[in-house]
Structures are given as C-alpha cells and as structure tokens.
C-alpha cells in the first residue's frame, strides 16, 4: 500500500485537478489524517461503554435511544445518523457487519479496520458467525445465541460488551481503557 | 445491482486476515482519496451516500476485489467526477504522466457515456440524507414489531439495499425506525421516496438451510417496498 502504486498516483492526480479548480485545499489531506487519528476513533465508543457500565440510568437511555444518549458526548465524524446499541449478555452475542459496502458507526468507532471492509469478513460472518468468531478467539457456548446485524440502511450498530469480571473498583476512565474496538464490533469479548 | 459488492454468504474468500497495530490510513494516498471524496460532496458531484455507493458498485469488478477499500472509493469518485464533467480523462491522464505514472494503468472507474439517469444539480439543503425524512412523511408504518414479512424475490440493475442472500426469505420485524430516504430511487436522482424502515430478523436456517449454524440469526434494515406481509 505504498504511495507509488497506480492508485496512489491517480489519487494524487485527481487531488491536483481539484485543487487547480479551487474545489479542494492543499491542507485537506492533513486535516483528514488529524481528524481520524486524533479525534474520531474507538476511544469515543469506549467512553460510551464505560459510562454505561457505571451508570445504569445512562445504560437504559443508551439501549433505548443510542443517538440521543451519545449526543451529550458531542462526537464528530459523521456516518452515524441513527445509532442503535445492542447489548451482549450471557445468552446473546451480537456482531456487526455490512455485507453490501462497509457501513460503520464512525462517530463512536472511527474508520473501520481493513478486515471489516474485506470480502472474507463480509461474505462469511452472516453465514458462519460462530466459525468466524472462533477465528477471532471468541468461543461461544452452544446455548449462547448469535445475532449478526447486517447494516443495510443508515442505522449504525455498536455492541455493548459485557463488563470484564476483574474490573471491580475501576473508575470510568480506567474502564474505558479496557474497551477494545473489536469488542464494540462484536468480534472480541473482554 | 447484482454486482460483486453483494458479498453476503459468498464462498471462497478464506480466512479473515487481520493486521496488528493497523494504522488508520496505510498510506497518504488513502487520505487523499478521503479528502477528494469530501471535496466532491461539497461541490455537489456526490449528492448523497446512495449515489456514491452505487458508483462504487459500478466500478470494474476485478478492481472491486483487488484495489481495496480506498481503491474502490477512488474508482467511484473518479466515475462521478468524470460523469459530472468536473474532471476530463485527458487531463487526468496527463496529470498521472506528469508524476511519472502510467496513465493507462488499469483503473477502476467506469463512467457512463451518457449518464442520463443522474441529474447533477448542486447539492441543496434537503437533497441529502441529513435528518430523517419522517417529518415529511405522514402515513403510518405498514408493519409492527412481531409482524412476519417476506422479502422481494428479484434483484434490480440499479442500486438496492436488499442483499441477494435475503431475497424471497421470511423474517420477523423486530424494530420500526420511522421513514427514511429510499436508496433505490435516491441513488439515481429519482427522488427521495421516503418510506418506513424496519429491522427484520431472519433465522440462520431460513437463510442457509441445513448448513446454518445452530442458534444464529441475521438482522437486516429493510425498506417497506422490499417487504410483503406473510399471511399465516
């Protein structure tokens, strides 16, 4: 994925043509890189999860209306017009995909990892979720149901993972540090 | 569109390959593509996400699989910029050659010669998806949670958000989300056609038959026009 492959030159050429026409600023690329490295990423979703773990009233609001509940965090990032948060329990495991493209809740998770956008995950997780989850190291009991959320419209999904058993006494910030991106997609447990 | 993008349930792609310590952008050109996408949106060339997604569906299928996520975006954006007349292919090839590249290297973009089905007006307030359409859409939802529904059996050459693996399948409505812009018309500049959106749950067995893993289900967010009532 270096900058000398044909797509890289084509992107650079397109950028130059748009800059010439005044449709794009030369600083826009650096702004994009800064936004999605520093401000919009899974650290935002982790804060939401940690608050839900420590504040039952917030958790109830989050599960009832994710969009309204995260409004108080004032995240940027787009692609999250309507957020639905789905809770993992002892009897139900949730996992998120977009088989038709790569829809993902940018405001809370940032930009998706490469594997989320690649054909293997998109094709397989709807058909054989238990096998795919096992490859990620998630081995579910037979009696645990698996629900795969295929994001086929503008609703975006985030998984509320179960709180780790050994996290008693941790404050909200310490809990947020324990929450991984993969757990909020549903391909990891904490 | 029955394209390569409709990947749900397809066999043959093997293991999910993960990177350790994956960066947000693997190279600067990926962020360039992101910036170009934003500029094309601001200029009204990309009018809404549906049109952009359909432009990606229309790229070369081999490029779809081989060029990666930002390569697909690049193909979709170039398609729309050329169709809108904002970028001329001769200028683009000259700019590539000026950077020492091969202007005839295989590219993903596939602009129509006459994209008569797309109306390239600059984006105006209300022409995009921002905000739900429910305020402009009075009629009640046809289905309530618990309703059994069957999906449309056929595909379409245009944009749609009903994946092939879930055609002609029965499921249960588990959530009603109000009215939303209809991607199948909005992608083609044929109107927002707002309609109710439902989350429908399908059992693994309904989708995959005897090969389904036990105790699994898939949910999809489906527009009212895709659904019919199942009479018991």
Relative counts (whole %) of C-alpha pair distances in chain A, using bins that are 5 Å wide: 1, 7, 14, 18, 18, 15, 11, 7, 5, 3, 1, 0, 0
Given Cα pairs under 8 Å that are at least 6 residues apart, what percent is the relative contact order of chain B? 19 percent
Cut-off is 10 Å between beta-carbons; in what order do B:33, A:132 appear when sorted fewest neighbours first? A:132, B:33
Residue order, fewest to most surrounding Cβ atoms within 10 angstrom, among A:182, B:21, A:171: B:21, A:171, A:182
Please state, as a whole number in µm²/s, the translational diffusion coefficient that the Stokes-Einstein equation yields for the stretch B:1-115 at 37 °C and 0.692 mPa s, with Rh defined as the Kirkwood radius across alpha carbon pairs. 213 µm²/s
Mean separation of Cα contacts under 8 Å, 6 or more apart, over the residue count of chain A: relative contact order %: 26 percent
For the stretch B:1-62, what's the radius of gyration and Dmax over Cα atoms, in angstrom? 15.1, 40
For the pair residue B:42 and residue A:92, what calculated FRET efficiency results from E = 1/(1 + (r/R0)^6), where r is the Cβ-Cβ distance and R0 = 56 Å, to the nearest 0.05? 0.85
Hey, could you pull the Cα Rg and Dmax for the stretch A:83-176, both in Å? 14.2, 42
Surface/4 estimate of mean projected area, convex hull on alpha-carbon atoms of the protein assembly as shown, nm²: 20.8 nm²
Computed over the stretch B:137-223, the convex hull of the Cα set has an average projected area, in nm², of 6.0 nm²
Ellipsoid semi-axes in whole angstrom, largest first, where each is sqrt(5λ) of the Cα gyration tensor of chain B: 35, 24, 15
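Which of B:181, A:40, B:89 comes first, and how do the rest follow, when ranked by fewest Cβ neighbours within 10 Å?
Numbers: B:181 28, A:40 22, B:89 14.
With the fewest neighbours first, B:181, A:40, B:89 line up as B:89, A:40, B:181.
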Give the Rg/Rh ratio for the stretch A:1-111, taking Rg as the radius of gyration of the Cα atoms and Rh as the Kirkwood radius, to two decimals. 1.11
Helix A:6-20 sits off the longest principal axis of the Cα atoms of chain A, rounded to the nearest 10 on a 0 to 90 degree scale, by 70 degrees
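A short reminder: the numbers here are calculations on the coordinates, not readings from a lab. On a predicted model such as this, the values are computed, not experimentally measured, just so you know. A quick note on method: Cβ atoms are made from the backbone with ideal geometry, for glycine too, and the neighbour counts reach across all protein chains shown.
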